[in-house]
1. Go through the stretch A:81-101 and give me each residue that's touching a residue at least 24 places away in the same chain (Cβ under 8 Å) and within 8 Å of chain B (Cβ to nearest Cβ).
2. Do the conditions hold for B:E217, that is, is it without any contact (Cβ under 8 Å) to a residue 40 or more places away in the chain, within 14 Å of chain A (Cβ to nearest Cβ) and either assigned to a helix (DSSP H, G or I) or surrounded by fewer than 18 Cβ atoms within 10 Å (Cβ to Cβ) (or both)?
3. Would you say B:K173 is surrounded by fewer than 24 Cβ atoms within 10 Å (Cβ to Cβ) and either touching a Ser or Thr at 6+ places or on another chain (Cβ under 8 Å) or without any contact (Cβ under 8 Å) to a residue 12 or more places away in the chain (or both)?
4. Scanning for something facing another protein chain (nearest Cβ under 8 Å), touching a Gly at 6+ places or on another chain (Cβ under 6 Å), farther than 30 Å from B:I251 by Cα and surrounded by 15 or more Cβ atoms within 10 Å (Cβ to Cβ), does the stretch A:169-176 turn up at least one residue?
5. Checking the condition of a type in the set (D, E) and in contact with a helix residue (DSSP H, G or I) (Cβ under 7 Å, 6 or more places away or on another chain), which residue from B:E245, B:E226 passes?
6. Take B:L134 and tell me if it is under 22 Å from the mean Cα position of the chain (by Cα) and away from chain A (no Cβ under 14 Å).
7. Is the stretch B:145-157 home to any residue that is away from chain A (no Cβ under 14 Å) and either without any contact (Cβ under 8 Å) to a residue 40 or more places away in the chain or in contact with a strand residue (DSSP E or B) (Cβ under 6 Å, 6 or more places away or on another chain) (or both)?
Amino acid sequence: MAARVKTVVKVKGQTLCVERANIDTDQIIPARFLTGISKTGLGQYLFLGMPGGPEMLAAHPDANVIVARENFGCGSSREHAVWALTDRGFKAVIAPSFGRIFEENAYANGLIPIALDGEGLEAALKSRTIEIDVEGQKLTTEDGKTYGFELDPLRKRFILEGGFMEWMATKIDAVRAWEAARPTV
Amino acid sequence: MSKSLLDKVWDAHVVEELPGENALLFIDRVIAHEITTPQGAIDIQERFGDKLYDPDRIIAMNDHVSPAKDQETAIQAQVLRTWAKRHGIKLYDIGDNGICHVMVPERGYVEPGLTMACGDSHTCTLGAFGALALGIGTTLQAGAMLAQCLILQKPKVMRIDIEGKLGHGATAKDVILYVISKISFKGGTGYVLEYHGPVVDAMSMDERMTLCNMAIEAGATSGMCEPDETTIGYLRGREAQPTGEAFEKKIAYWRSLKADPGASYDKVVKIDVSGLRPMVTWGTNPGEVVPADGTVPADANATSLEYMGLQPGTSLRSLELDQAFIGSCTNSRLSDLRIAADVLRGRKVTIPTIVTPGSQAVKRAAEREGLHDVFQDAGALWTHSSCGPCLGMSMGVVAPGLRCVSSTNRNFPGRMGNGGRVHLASPAVVAASAVLGRIGSPEDLEAAAPREKVTA
């Protein structure tokens, strides 16, 4: 099973702009498609829970960046939502805010969660193409304007280098030492 | 320094400070279920020598679709089963299982001061015990099984003081729906909601679990209640708890976890629930909610209206229903079933109604009280425990365009079935609505259809 995240440094993106807030993970992938034991092959179920979702995807077959309104990925913890997006070729999601668990899942899988609001978001929502510089934490919209964005410095390396699980594995000894020294309750 | 409840639990679990104000946070217990665990377990098996940090810190259960409904879910359950057996992980399976957020407390695996994590967003339910309980994805859960830690930025804390005397018929479910309507569907994002105040103090553990269960529906990282004598009384004698001196020793620590007077909070919200009436959602997120006798707001979101087939100003009581569901990690505990049974006793439902207990232990306890007879005499289906139709997976999925009143936690588009329309409410309102065939409170039901002769 593929687990190592591919390195993503720059993204030349075609956008899928969704003028909606609160796109929850049930809309991204309904629970009836969570019956497998694999992280792959879930792209076929993407947005099947969103009214008009399949038609929207069909109209943008080459899109690899989603731009949406606030609170994208709220709700269920299902990482399948991120797997469905990456399986379909999506590299980044741009929105003013994300559900916490979705954002963590995105980082762990190399999907770039870009929090952007105000002028930058409005410009992105109008852009058919977007260029994202992950390392430099900036993106350029179709009109040529550039906007900076924040990424968590630790989790950013999981996007650039992959290896979340490998990183966790390096901590095992330190955790055991901490646990051994932990005061008993 | 004065500490909040979250501060105390957090500080006791930080293994290491990390860049970006992150911490490596030790997780005392990981809960593993069949929908989100297999992919991570397989990853650890294939790439990390199948080594888990400490199998004794994992509790596994087949809970979402158990028994399996088809070949695929049968394989999920079997993967969890063989994995648990291979590692000596405690597994709850067919016959003695239940929804993880119901079972974990019922068996005493959660307690004040612990950190808990599970690949399930409603893990926040466990915060009712004064634990920090985190819903996470599969990869982070795998990380927590490999190294017993999560990488986490310390959440901000929103202190929510709940005061006032609840109106007639209002329950913990109505309180949390009201709280979400006040702080908004995403207003808790980045926060742990620390619930305080006399209303919370007076709540049973079942009620506090309902309150914490829906913290995620405000976007919150988790919900927490201070441990008190109610918490201690609940945990005493539970399966995973020690007895005698060992238990008494724990109590002293648990009592020390109360928030210090003068603790600082990132936000303080006062919620007055005086006169609060039963609440029902009209829209497609739990914050879109009004009293059961209310109307769809004039400024209602157009996308929500379209999905729900509603107009501004429509009276909720005028809505004809197609289905009713009582269950889920929000409202399927014994006290919820008692409330629903009190409404249904001596009455008949007029729409398909499903009652699904939260665990097999809840089911047996309910049957010892004869509640299964009340439900079945009323014409409802009484099932084994399951997550069932709450997430549109099995046992009562809602058909497109049909309207279901439900004691669950999410009214998202398609949540209980593609195109299905969900109105969230308390078990009491769901039961009353099941009889009326329209949305209504037990009071409405009493006015519309006085009870048939009740047999003791």
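The values are calculated or read from the model by the stated rules, or taken from the named source; none is laboratory data. Quantities reported herein were computed from a predicted structural model and do not represent experimental measurements. FYI the Cβ positions are ideal-geometry reconstructions off the backbone, even for glycines, and counts take in every protein chain you see.
1. A:V82, A:S97, A:G99, A:I101 - these are the residues of the stretch A:81-101 that are touching a residue at least 24 places away in the same chain (Cβ under 8 Å) and within 8 Å of chain B (Cβ to nearest Cβ).
2. No; evaluated as a whole, the condition is false for this residue.
3. Judged against the criteria, B:K173 is not a match.
4. no
5. Just a single option satisfies the conditions, and that option is B:E226.
6. no
7. Yes, the stretch B:145-157 contains at least one residue that is away from chain A (no Cβ under 14 Å) and either without any contact (Cβ under 8 Å) to a residue 40 or more places away in the chain or in contact with a strand residue (DSSP E or B) (Cβ under 6 Å, 6 or more places away or on another chain) (or both).
Matching residues to (1) assigned to a loop (DSSP other than H, G, I, E, B); (2) of a type outside the set (S, T, Y):
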residue	(1), (2)
B:I59	no, yes
B:A68	yes, yes
B:R81	no, yes
B:R86	no, yes
B:D96	yes, yes
B:P105	no, yes
B:P112	yes, yes
B:T139	no, no
B:G143	no, yes
